[in-house]
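Right, one structure below, let's go through it.
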Amino acid sequence: MHIDLSVRLTNQTPVYPGDPAVRVKPVTNIEQDGFQDHLVTLATHVGTHIDAPSHMISGGHNLDAYPVERFVGRGVYIDVRQGYNLADIRKLGLKAGDIVIFHTGMIERYEKTDYFEKFTPIPAEVAHYLVERQVSLVGMDMCGPDYPPFPIHKILLGGDVLIIENLTNLDRLAGRTFTITALPLRLDVDAAPARVIATIL
């Protein structure tokens, strides 16, 4: 069974304050042109997307520098709706290459203004531990791991842990064994939209 953990990209997709809105516009239609085509305009940090080190780290890699294998791995679900507990996280036996998924519950506020304003950042000690364990990616159902000046982004990306933001449907992963496939567009930039899929084993 496969579970789609990605949000839809439409003209109504919420964007981080100050970012340009998503625009999906038809440029041809079947009746007049014989085929349908669309122009899509969006920032790289919109919807479900993956941050590369170059987003925050000077000289850091862009997304296209990573092999496709980097975006596929064992998924580890962690329920943090009641807070982050490093002692409990240590007991999970995280391994190099794992893809850690934090279920915060914030996606329930995705259509609300406070989605971008009232989330709980990932604690620095947790971020350092993820870097220590050499996980490949850390994903979350919120807009990001922290607030400006983005210290947690810098810990994770500086430690070559990529970040997946704005996931959904994480409640369906609780108690399951699964792999994650998180494939971003192959862009030579700091981030890209991604289709993120959990495959239940």
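Among the residues of segment 129-172 satisfying the criterion of being within 19 Å of residue 8 (Cβ to Cβ) and of a type in the set (A, V, I, L, M), which is farthest from the chain's Cα centre (by Cα)?
Here is the first cut: in segment 129-172, the residues within 19 Å of residue 8 (Cβ to Cβ) are 139-143, 164-172.
Within this subset, residues satisfying the condition of being of a type in the set (A, V, I, L, M) are 140, 142, 164, 167, 170.
Details: 140: 6, 142: 8, 164: 2, 167: 6, 170: 12 Å.
By that ranking, first place goes to 170.
Contact list please: Cβ distance under 6 Å, first residue in segment 27-52 and at negative phi and without any contact (Cβ under 8 Å) to a residue 24 or more places away in the chain, second residue of a type in the set (Lys, Arg) and assigned to a strand (DSSP E or B), pairs at least six apart or on different chains.
39/25; 41/23
Can you name every residue in segment 62-94 that is among the charged types (D, E, K, R), outside any helix (DSSP H, G or I) and in contact (Cβ under 8 Å) with a residue 40 or more places away in the chain? I'd like the intermediate steps shown before the answer.
Of segment 62-94, the ones among the charged types (D, E, K, R) are 64, 69-70, 74, 79, 81, 88, 90-91.
Filter once more, so that each one left must be outside any helix (DSSP H, G or I): 74, 79, 81, 91.
Across segment 62-94, the qualifying residues are 74, 79.
Being touching a Ser or Thr at 6+ places or on another chain (Cβ under 9 Å), in a loop (DSSP other than H, G, I, E, B) and of a type in the set (Ser, Thr, Tyr) is the filter here, so list the residues in segment 152-187 that pass it.
168
Just one of the numbered conditions (1) within 14 Å of the chain's Cα centre (by Cα); (2) free of Cβ contacts under 8 Å to residues at least 24 places away in the same chain is not true of residue 182; which one?
(2)
Among the residues of segment 95-128, what is the count of those that are assigned to a helix (DSSP H, G or I) and crowded, with 17+ Cβ neighbours inside 10 Å? It would help to see each step written out before you state the result.
Within segment 95-128, the first condition is being assigned to a helix (DSSP H, G or I), and the residues that meet it are 106-109, 113-116, 124-128.
Going one step further and asking which of them are crowded, with 17+ Cβ neighbours inside 10 Å, we end up with 106-107, 109, 115-116, 126-127.
Of the residues in segment 95-128, 7 are assigned to a helix (DSSP H, G or I) and crowded, with 17+ Cβ neighbours inside 10 Å.
Sort out which residues of segment 26-61 are among the small types (Gly, Ala, Ser), in contact with a helix residue (DSSP H, G or I) (Cβ under 9 Å, 6 or more places away or on another chain) and part of a loop (DSSP other than H, G, I, E, B), and write them in order of number.
First, pick out the residues of segment 26-61 that are among the small types (Gly, Ala, Ser): 34, 43, 47, 52, 54, 58-60.
When the remaining residues are screened for being in contact with a helix residue (DSSP H, G or I) (Cβ under 9 Å, 6 or more places away or on another chain), the result is 52, 54, 59-60.
52, 59, 60, listed by residue number.
Is it the case that residue 69 is out of contact with any strand residue (DSSP E or B) (no Cβ under 9 Å at 6 or more places or on another chain) and within 22 Å of residue 181 (Cα to Cα)?
Values: out of contact with any strand residue (DSSP E or B) (no Cβ under 9 Å at 6 or more places or on another chain): yes; within 22 Å of residue 181 (Cα to Cα): yes.
Considered against the rule, which asks whether it is out of contact with any strand residue (DSSP E or B) (no Cβ under 9 Å at 6 or more places or on another chain) and within 22 Å of residue 181 (Cα to Cα), residue 69 comes out as yes.
Taking the options 108, 117, name whichever one is modelled with pLDDT under 95 and over 24 Å from residue 57 (Cα atoms).
Values: 117 fails: over 24 Å from residue 57 (Cα atoms).
The unique qualifying residue is 108.
From the list 90, 81, 23, 74, exactly one residue is touching a helix residue (DSSP H, G or I) at 6+ places or on another chain (Cβ under 8 Å) and of a type in the set (D, E, K, R). Which is it? Spell out the reasoning first.
Working: 81 fails: touching a helix residue (DSSP H, G or I) at 6+ places or on another chain (Cβ under 8 Å); 23 fails: touching a helix residue (DSSP H, G or I) at 6+ places or on another chain (Cβ under 8 Å); 74 fails: touching a helix residue (DSSP H, G or I) at 6+ places or on another chain (Cβ under 8 Å).
That would be 90, the only listed residue that is touching a helix residue (DSSP H, G or I) at 6+ places or on another chain (Cβ under 8 Å) and of a type in the set (D, E, K, R).
Take the residues in segment 14-41 that are farther than 30 Å from residue 168 by Cα and polar (S, T, N, Q), then tell me which one is surrounded by the most Cβ atoms within 10 Å (Cβ to Cβ).
Selected residue: 28.
Filter segment 4-25 for residues that are of a type in the set (Lys, Arg) and part of a strand (DSSP E or B) and give the result. Write out each step before concluding.
Within segment 4-25, the subset of a type in the set (Lys, Arg) is 8, 23, 25.
Hits for segment 4-25 are 23, 25.
The values are calculated or read from the model by the stated rules, or taken from the named source; none is laboratory data. Computed from a predicted structure; not experimentally measured. Using ideal geometry, Cβ is built from the backbone for each residue, glycine included, and neighbour counts are taken over all protein chains shown.
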